[in-house]
Amino acid sequence: MVLGLGLMVAGRLIQRWQAAKATPGSPPLTRFTIDLSRGRDQKLLAVFLLASLFFLLVTAIGSYETYHVTKSTQFCGQACHTVMEPHYVAYQNSPHAQVECTVCHVAPGAEGFVKAKFNGVHQVYATLLDKLERPIAAHDKINIDQKRCEQCHWPKKFVGNLDHTYSHFLDNETNSPYSVRLLLNVGGGDPTHGPVGGIHWHMNIANKVEYIATDPLRQQIPWVRLTDEKGVVIEYRVPDFKDDPSKHTIRTTDCMDCHNRPAHSFRAPNDAVDMVMSLGAISTNLPKARRTAVLALTQPYATKEEAFEKIGAALRAKYPNHPDAEAAIGAVKSIYAKNFFRAMKTEWKLYPNNIGHKDWAGCFRCHDNEHVTADGAKRINHNNCNSCHVILAEGSGPALQPLNPQGLKFKHPEEVGKTSLAIAAITGRWNRSPVHSCGLSQNR
Ligand code: HEC
Ligand code: HEC
Ligand code: HEC
Ligand code: HEC
Ligand code: HEC
């Protein structure tokens, strides 16, 4: 169509030029006229109008379809296959596997769409010229607005207490099970609709909690300011932070400060193996299976193929002719495929998960007993375990039967110190309280 319009303009210019050049004796120029009394002109005009209409229709449908394709999960997750593979695979194994990437990642409306596409052009350029950062770092630039989560999760909705069982296995010959059953005090609430309280209430609704993070992964939080319901402001800081807060970016906590991995959780080998064992895919009949599996997952393989081959070889050598060996090999490979992506150098160690306080500082980035007010009178503490959760039961077998509503005093299984192969590698990162990977120093 554009070409046609161009030809029309060019024709007109040529005609003008010819007219200007014309000398008195030359033959008269044929002029372009549309004469609807001529049958040929009628037909041509009809064809022209119909073709234009058809063309406009196709363009409209085409751009609408293009819009849909470029905002689809397949496009975001698979168009740049290698680059997005880790996040796409993790997403498919997440509770949000049915939520389109753009629902969380792109602000609603035309503005958000255009912004995302401009950003996308930059990424295509980086991918083509191989200038992309590998891994795609988790950093503060992602900035998902919590309003996008609130399209589905109303923060005031009272969730109540959630009963979670964390199944673990010890690092011994028989892979003894060891579970912790918690009642997580999530709460929520809107005083006009019923009871209020719990984690969501304290952190998100009744109070405004602001903080300063000194690293892009937001793992070091030296300063916190609380503004409560009545407008009373309390400032906490760690002793070695002497800066003027106004020189830093002050952020307000939102969903992502706790739920930063709702769609892309790369599991630590310890946790992944525990989970698969609890489902029976790795049999506890294989002596020291847990340790063997975690060790197999933590070797520095160069490619997925190499990893698969060596995982198979290591487990077959350890359990020759054992009837449960092949199933275990399959399970370990599957953990590897879902959580380690060599081409993008992606694995769990680079993506802190802020929800608890076991592998990462999580809640204890602030609740670490070290954030104090200037007069030393108040601390953000973690001594009162029950403010976040009640330990209903702990151990294995019959020990898990009676539930204690007041909350048990946590007993750390001695063996865990030895099991934490993967954890040991990262404790250095959490440099304020390196006493123990799960932060429960007083329990050691
Ligand atoms: C339920 C919401 C949600 C959905 C759906 C979702 N993401 Fe994410 N994504 C997040 C959050 C939250 C972060 C981390 C933000 C932060 O740390 O502040 C993130 C981060 C990322 C990152 C940056 C690296 C990182 O891990 O921090 C990439 C890349 C990414 N997502 C790709 C995708 C792709 C591709 C899809 C669709 C296949 C998708 N996301 C779907 C919520 C979502
Ligand atoms: C399109 C709707 C939708 C959006 C947007 C959405 N979620 Fe969800 N989310 C769900 C549904 C549905 C479930 C329950 C899935 C299930 O249990 O199978 C869920 C589950 C969860 C859970 C519980 C996870 C678990 O392990 O059981 C958390 C936490 C969560 N979402 C946080 C978020 C956060 C944070 C965001 C914003 C980044 C978000 N969601 C955006 C629909 C959504
Ligand atoms: C202070 C940290 C914190 C903040 C902030 C926070 N949450 Fe949570 N939320 C939790 C914890 C802890 C749980 C318990 C479940 C768990 O451990 O995964 C939870 C549970 C949930 C669940 C699961 C409920 C279920 O039935 O399984 C959803 C959904 C959820 N949060 C959504 C949100 C949304 C949306 C926001 C932001 C408006 C938000 N949360 C803000 C800590 C937080
Ligand atoms: C950015 C810092 C920060 C992070 C991260 C954080 N909190 Fe808090 N939290 C606070 C502050 C500040 C208070 C208010 C302390 C006070 O009473 O002065 C608080 C209070 C609470 C309370 C009320 C405590 C009580 O004794 O009444 C609960 C429950 C809570 N937080 C749960 C959590 C959970 C669960 C997480 C992790 C998923 C978490 N918080 C992560 C800063 C934080
Ligand atoms: C600021 C809130 C908060 C405080 C205080 C707190 N915890 Fe937790 N804890 C959590 C959250 C949130 C989780 C759940 C993490 C998840 O869902 O992955 C958790 C999980 C746990 C688990 C299970 C971990 C696993 O994977 O097996 C244990 C055990 C535990 N906490 C012990 C304690 C003990 C003991 C104390 C007191 C010294 C304590 N916690 C204080 C928030 C807290």
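Read the figures in this text as sums done on the coordinates, not as results from a lab. If you're wondering where the values come from, they're calculated on a predicted model, not measured in any experiment. Glycine also receives a Cβ, built like all others from the backbone with ideal geometry; neighbour counts cover every protein chain displayed.
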Which of I14, I221, I205 fluctuates most in a GNM of the chain (C-alpha springs under 10 Å)? That residue is I14
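Structure shown: which of K115/K247; K157/K338; K71/K208; K247/K345 lie over 31 Å apart, alpha-carbon to alpha-carbon? Let's see the in-between values first.
On the way: K115/K247 29 Å; K157/K338 33 Å; K71/K208 34 Å; K247/K345 34 Å.
Check vs 31 Å cut-off fails for K157/K338; K71/K208; K247/K345.
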Put in order of increasing Cβ neighbours within 10 Å, starting from the fewest, F169, F113 give F113, F169
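Could you give the length gained on full extension between V121 and F54, defined as 0.36 nm per residue of separation minus the Cα-Cα distance, in nm?
Numbers: separation 67, 0.36 × 67 = 24.12 nm, distance 3.03 nm.
Full extension of this stretch gives 21.1 nm more.
If a helix is a whole DSSP H run, which ones in the chain reach 24 Å or further along their own axis (Cα) and hold a mean Kyte-Doolittle hydropathy of at least 0.5? Write out the running numbers ahead of the final one.
Working: long enough: 2-21 (29 Å, 0.67); 39-70 (46 Å, 0.88); 109-128 (29 Å, 0.13).
Going by DSSP H runs, the hits are 2-21, 39-70.
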Note: T192 to F241 extended length (0.36 nm per residue) minus current alpha-carbon separation gives 13.6 nm
Magnitude of the Cβ-charge dipole (Lys and Arg +1, Asp and Glu -1) of segment 269-350 about the Cα centre, nearest 20 debye, reported as 200 debye
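At a threshold of 8 angstrom on Cα-Cα distance, excluding pairs fewer than six apart, so keeping six or more, what relative contact order does segment 257-395 reach in percent?
Numbers: 133 pairs, mean separation 35.0, N = 139.
Reported as a whole number, the value is 25 percent.
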Simple SL model, points at 7 angstrom along Cα→Cβ for Q15 and I355; separation in nm is 7.2 nm
Expected max-MSF residue from S246, S396, S176 in the GNM of the chain (alpha carbon, under 10 Å) is S246
Taking alpha-carbon centroids only, segment 204-254 lies from segment 112-127 a number of Å equal to 32 Å
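Please find the FRET efficiency linking Q401 to L279, where r is the Cβ-Cβ separation and R0 is fixed at 22 Å, and quote it to the nearest 0.05.
The computed FRET efficiency comes out at 0.55.
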